[in-house]
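Working notes for the structure below.
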Amino acid sequence: MNLLFVADPLDHFKIYKDTTFSMMREAQRRGHRIATCLPQDLQWKSGDVVKATVRRITLTGDKHAWYTEDLVETRALKDFDAVLMRKDPPFDAEYIYATHLLEQAEREGATVINRPRSLRDHPEKLAVMEFPQFTTPTLVTRSPEAVKDFHAEHGDIILKPLDGMGGMGIFRVREDGLNLGSITETLNKGGAQTIMVQRFVPEIVQGDKRVLVIGGEPVPFSLARIPQGSEVRGNLAAGGKGVAQPLTDEDWTIARAIGPVLAARGLLLIGLDVIGGSLTEINVTSPTCFQEITEQTGFDVPAMFVDALERQLQG
């Protein structure tokens with residue numbers, strides 16, 4: 001197969017843990033060809049098709065100079081067997097514009113994974129609204145009064161922006177309500193932006209679990225991202241410790257309920273964030289944790305992903 005990865009700059013990859021890198025490595029191991037581009041490399045002109053300036057690369061196996069650039073060329077996206085959208089958030093206007101270009105490439109015959117329309121339709125924090133039976137009590141609002149009422153009802157809450165990643169901008173406010181007004185003003189920018197508020201789930205001390213679902217099938221191990229010290233966030237980017245563990249019965253129930261629904265919408269890979277038995281986010285843009293789970297358990301997550309990718313392209 002001839003694969004194009006739309007991703008962040010290669011020189012920013014931390015290959016010892018990067019999931020996109022692990023996908024590339026497994027694909028190359030099977031003989032598939034790898035090319036990459038940035039979202040800003042995508043372009044369309046009337047009378048033509050969506051194209052990109054792409055870099056054909058070969059992975060070297062060296063942990064420092066980890067790839068060689070074999071060729072730089074401009075190619076139509078429909079010429080690739082699959083285009084994998086792996087750009088990290090923020091899920092901002094430029095990200096949305098990229099999905100529109102990718103959707104046009106789909107109309108021209110390209111196979112894009114995850115499907116661009118579904119990326120737009122499932123913003124990672126708001127996607128949980130479809131599955132309220134699995135979520136902790138949650139509020140989505142611009143209103144500071146609604147936030148105050150939610151805090152009065154639940155006492156211990158988490159506030160977060162809708163476009164953050166890696167734990168960025170997450171605040172906890174306890175029963176005393178200390179700084180609630182200031183935090184709300186900071187996050188909602190004086191009422192200009194919508195935020196999410198959730199009841200605090202004390203099981204966070206046991207980890208914020210990333211449950212991966214590939215082609216509608218759960219990976220049998222999660223990565224519990226456990227907060228360290230006085231930190232409330234378990235995100236690895238915020239210093240959390242990643243511990244792989246078998247899925248619990250609750251994890252299986254959530255993953256089996258949501259996975260097939262979203263797979264049918266063109267989301268080959270999703271990452272469910274579960275704290276205790278509560279779903280807190282559904283990651284669809286560039287879910288991670290492949291390498292950590294594989295290294296700690298021996299279960300080959302990249303192989304499961306490329307298996308699913310091959311099945312989809314052959315089907």
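Scoring D79 on the criteria (1) closer than 28 Å to G191 by Cα; (2) out of contact with any helix residue (DSSP H, G or I) (no Cβ under 9 Å at 6 or more places or on another chain) leaves a single failure, condition (1).
Here is a yes/no grid of residues against (1) open to solvent by 10 Å² or more (accessible area, probe 1.4 Å); (2) under 16 Å from E217 (Cα atoms):
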site	(1), (2)
V274	no, no
G298	yes, no
V301	no, yes
Q312	yes, yes
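Conditions tested, residue by residue: (1) modelled with pLDDT of 95 or more; (2) farther than 23 Å from I270 by Cα; (3) over 20 Å from the mean Cα position of the chain (by Cα).
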{"position": "K125", "(1), (2), (3)": "no, no, no"}
{"position": "V128", "(1), (2), (3)": "yes, no, no"}
{"position": "P144", "(1), (2), (3)": "yes, yes, yes"}
{"position": "M165", "(1), (2), (3)": "no, no, no"}
{"position": "G181", "(1), (2), (3)": "yes, yes, yes"}
{"position": "K189", "(1), (2), (3)": "no, yes, yes"}
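If the condition is being under 24 Å from the mean Cα position of the chain (by Cα) and open to solvent by 60 Å² or more (accessible area, probe 1.4 Å), then segment 44-77 contributes only R55. Residues satisfying the criterion are present in segment 288-295 (criterion: aromatic (F, W, Y) and surrounded by 16 or more Cβ atoms within 10 Å (Cβ to Cβ)).
Rundown of residues vs (1) over 24 Å from L38 (Cα atoms); (2) among the basic types (K, R); (3) open to solvent by 40 Å² or more (accessible area, probe 1.4 Å), yes/no style:
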residue: D79; (1), (2), (3): no, no, yes
residue: R86; (1), (2), (3): no, yes, no
residue: R117; (1), (2), (3): no, yes, yes
residue: A152; (1), (2), (3): yes, no, yes
residue: D163; (1), (2), (3): no, no, yes
residue: G169; (1), (2), (3): yes, no, no
residue: V173; (1), (2), (3): yes, no, no
residue: G177; (1), (2), (3): yes, no, no
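Of note, D41 satisfies the criterion of being among the charged types (D, E, K, R), under 24 Å from Q104 (Cβ atoms), open to solvent by 30 Å² or more (accessible area, probe 1.4 Å) and touching a residue at least 12 places away in the same chain (Cβ under 8 Å).
Restricting attention to segment 1-30, and to residues there that are open to solvent by 60 Å² or more (accessible area, probe 1.4 Å) and not in a helix (DSSP H, G or I), which single residue is farthest from P287 (Cα to Cα)? Applying the filter and picking the extreme gives R30.
The values are calculated or read from the model by the stated rules, or taken from the named source; none is laboratory data. Keep in mind that this is a model prediction, so the values were computed, not measured. Here the Cβ is made from the backbone with ideal geometry for all residues, glycine too, and neighbour counts use every protein chain on show. Note: accessible area is taken over every heavy atom of the protein model, side chains too, but ligands, DNA and RNA are not part of it. Shrake-Rupley method; radii C 1.70, N 1.55, O 1.52, S 1.80 Å.
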